[in-house]
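Okay, structure first, notes after.
The values are calculated or read from the model by the stated rules, or taken from the named source; none is laboratory data. Just so it is clear, the structure is predicted and the values come from calculations on it, not from any experiment. So basically every Cβ, Gly included, is an ideal-geometry build from the backbone, and we count neighbours across all protein chains shown.
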Amino acid sequence: MPSLSERLKTLGVQIGGSKLQPSRKDAHFSLEKVFPGSVSTNDYGETFVIERRLSPTDRHGSSPIRFPSEFERIAAWAGDSRLALTPPERFLFLDLESTGMVGSGTFAFLVGVGRFEPDGCFHHMQIFLREPAEELAMLEALNRIVAEGDSLITFNGKSFDIPLLNGRYVSNSIPSPFRHMPHLDLVHLARRLWREMLPSRALGDLEVQLLGIQRTEEDIPGWMIPQMYIDYLHTGDARSMAGVLYHNSMDVISMAALLEHLAARLAAPLEAGSGHHAELHAIGRLLADIGFAEEAIEVMRSTLAMEIPAEKEYQLVEHLASLFRRRGDYESALRLWERAASDGYVYAHVEIAKYYEHKARDMSRAFGYTQQALELLNHTKTREYERVHWQPLLEYRMARLERKLSKLSS
């Protein structure tokens with residue numbers, strides 16, 4: 001089966017910027033005649049641009065189209081201090097439609113961007129490549145949108161969109177404005193929070209599950225888009241591009257809505273008692289990782305009061321006890337370990353033994369809990385990998401405690 005680049009070549013498309021030439025039958029349904037956009041001209045030629053503005057009162061499903069009022073925790077999770085210093089109007093939302101997977105013969109034919117303006121409106125632009133020869137002009141048009149001090153927001157952009165764009169800038173001998181830009185990729189945060197709760201973290205599925213958005217029949221699956229663009233290049237009939245433009249526009253606007261939703265969940269995870277136990281557990285762990293230990297404990301404590309499957313409860317107890325231990329609250333941690341130990345969890349016996357050995361200096365009780373842990377390994381349906389992990393550690397601890405008890409008795 002011929003590759004996408006080979007199929008492009010049969011249509012008269014060549015790799016290499018301005019030398020690319022599409023095969024066109026007629027312009028009866030050209031882009032300019034089908035869509036309400038305008039032709040933008042720069043030093044490198046022409047490109048087609050479609051613009052729209054959404055007001056602060058507009059909603060996208062159940063979520064408002066506004067920049068989050070609480071952005072601190074998302075910025076802390078991203079680990080780039082520049083994001084925390086970026087004003088709302090300097091965040092650029094970006095999504096591409098391309099001719100396929102990233103590679104030397106792949107290029108973006110549609111760049112969708114969005115930016116919040118000082119009045120709260122969301123300015124959404126789409127730059128469309130009417131023919132591959134306009135790629136240089138499209139990249140220059142994108143350069144004029146990107147400003148110094150901008151930060152980038154994408155969904156899977158670190159793996160796809162930005163590497164592709166950087167490659168196209170290199171191919172056209174233009175410096176990329178994205179190489180050192182602060183970048184928040186929402187897909188990684190979505191996976192972190194909803195991996196256990198949702199079967200899919202694709203943007204379209206998050207729209208339905210979290211944002212209350214149902215795309216219209218105009219939308220098309222992403223895997224169809226490269227072939228539809230090839231057909232457009234071949235025929236010049238832009239009517240089929242309506243679904244592509246709709247798909248891209250929804251992706252950009254949904255990113256803005258998802259950012260607001262994420263920020264709200266992290267800022268007030270227990271508000272109105274909302275949240276699935278798996279989501280709240282994930283939020284608690286994330287808050288702990290970024291330095292909000294007290295808030296993490298509050299979230300995990302509330303989650304522990306919910307009805308949770310036994311296996312998930314065990315994980316939650318382990319993480320919450322670890323937080324208590326980290327802040328030196330061994331009394332609270334011990335209560336949780338004893339709860340887990342009563343349910344037969346080996347790790348809890350180990351933690352209690354460590355507490356009595358190193359904190360309470362009660363070697364006898366430490367020895368007792370270590371012995372119970374070994375008995376659990378040998379007399380319950382312990383998974384083999386757990387036995388392989390714990391057996392040598394527990395035997396070593398037993399031997400050490402026996403030596404300590406021997407010294408104490410002598």
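Give the residues of the stretch 307-321 that are out of contact with any Asp or Glu (no Cβ under 9 Å at 6 or more places or on another chain) and either over 12 Å from residue 343 (Cβ atoms) or not assigned by TED's automatic domain parsing to the domain that holds residue 283 (or both), sorted by residue number.
Hits for the stretch 307-321 are 307, 308, 309, 315, 316, 319, 320.
For residue 193, state whether it is outside any helix (DSSP H, G or I), at pLDDT 95 or above, within 29 Å of residue 316 (Cα to Cα) and of a type outside the set (Gly, Ala, Ser). Step through it out loud before you land on a result.
Details: outside any helix (DSSP H, G or I): no; at pLDDT 95 or above: yes; within 29 Å of residue 316 (Cα to Cα): yes; of a type outside the set (Gly, Ala, Ser): yes.
Considered against the rule, which asks whether it is outside any helix (DSSP H, G or I), at pLDDT 95 or above, within 29 Å of residue 316 (Cα to Cα) and of a type outside the set (Gly, Ala, Ser), residue 193 comes out as no.
What are the pairs with Cβ atoms under 8 angstrom where one residue, in the stretch 343-366, is outside any helix (DSSP H, G or I) and the other, located anywhere, is of a type in the set (Val, Ile, Thr)? Sequence gap at least six, or different chains.
If the second residue must be of a type in the set (Val, Ile, Thr), the pairs left are 344/380.
Can you pull out the residues in the stretch 167-186 that are of a type outside the set (A, V, I, L, M) and either surrounded by fewer than 16 Cβ atoms within 10 Å (Cβ to Cβ) or not assigned by TED's automatic domain parsing to the domain that holds residue 82 (or both)? Show your work before the answer.
Of the stretch 167-186, the ones of a type outside the set (A, V, I, L, M) are 167-169, 171-173, 175-180, 182-183, 185.
The answer is 173, 175, 179, 180.
Based on this model, can you work out whether residue 177 counts as of a type outside the set (Lys, Arg), farther than 22 Å from residue 250 by Cβ, assigned to a loop (DSSP other than H, G, I, E, B) and touching an Asp or Glu at 6+ places or on another chain (Cβ under 9 Å)?
Yes; evaluated as a whole, the condition is true for this residue.
Report, by residue number, each residue of the stretch 188-217 that is buried (at least 20 other Cβ atoms within 10 Å of the Cβ) and touching a Gly at 6+ places or on another chain (Cβ under 9 Å).
If the condition is that a residue be buried (at least 20 other Cβ atoms within 10 Å of the Cβ) and touching a Gly at 6+ places or on another chain (Cβ under 9 Å), then 207, 210, 213 are the ones that fit.
Being closer than 15 Å to residue 50 by Cβ and buried (at least 23 other Cβ atoms within 10 Å of the Cβ) is the requirement here; does residue 125 meet it? Step through it out loud before you land on a result.
Values: closer than 15 Å to residue 50 by Cβ: yes; buried (at least 23 other Cβ atoms within 10 Å of the Cβ): no.
No.
Show me the helices (runs of 4 or more DSSP H) found entirely inside the stretch 206-295 where at least 1 residues are within 21 Å of residue 185 (Cβ to Cβ), in contact with a Pro (Cβ under 6 Å, 6 or more places away or on another chain) and outside the structural domain of residue 78 (by TED's automatic domain parsing). Full working, then the answer.
Numbers: elements: 225-235, 241-267, 277-289.
Fully inside the stretch 206-295 and qualifying: 277-289.
Determine, yes or no, whether residue 116 is in the same structural domain as residue 181 (by TED's automatic domain parsing) and under 25 Å from the mean Cα position of the chain (by Cα). Spell out the reasoning first.
On the way: in the same structural domain as residue 181 (by TED's automatic domain parsing): yes; under 25 Å from the mean Cα position of the chain (by Cα): yes.
Spelling it out, residue 116 is indeed in the same structural domain as residue 181 (by TED's automatic domain parsing) and under 25 Å from the mean Cα position of the chain (by Cα).
Residue 146 - would you say it is within 22 Å of residue 123 (Cα to Cα), of a type in the set (Val, Ile, Thr) and more than 10 Å from the chain's Cα centre (by Cα)? Steps first, answer last, please.
On the way: within 22 Å of residue 123 (Cα to Cα): yes; of a type in the set (Val, Ile, Thr): yes; more than 10 Å from the chain's Cα centre (by Cα): yes.
Criteria met by residue 146.
Determine, yes or no, whether residue 115 is of a type in the set (D, E, K, R) and part of a strand (DSSP E or B). Please lay out each step first, then the result.
Working: of a type in the set (D, E, K, R): yes; part of a strand (DSSP E or B): yes.
The answer is yes for residue 115.
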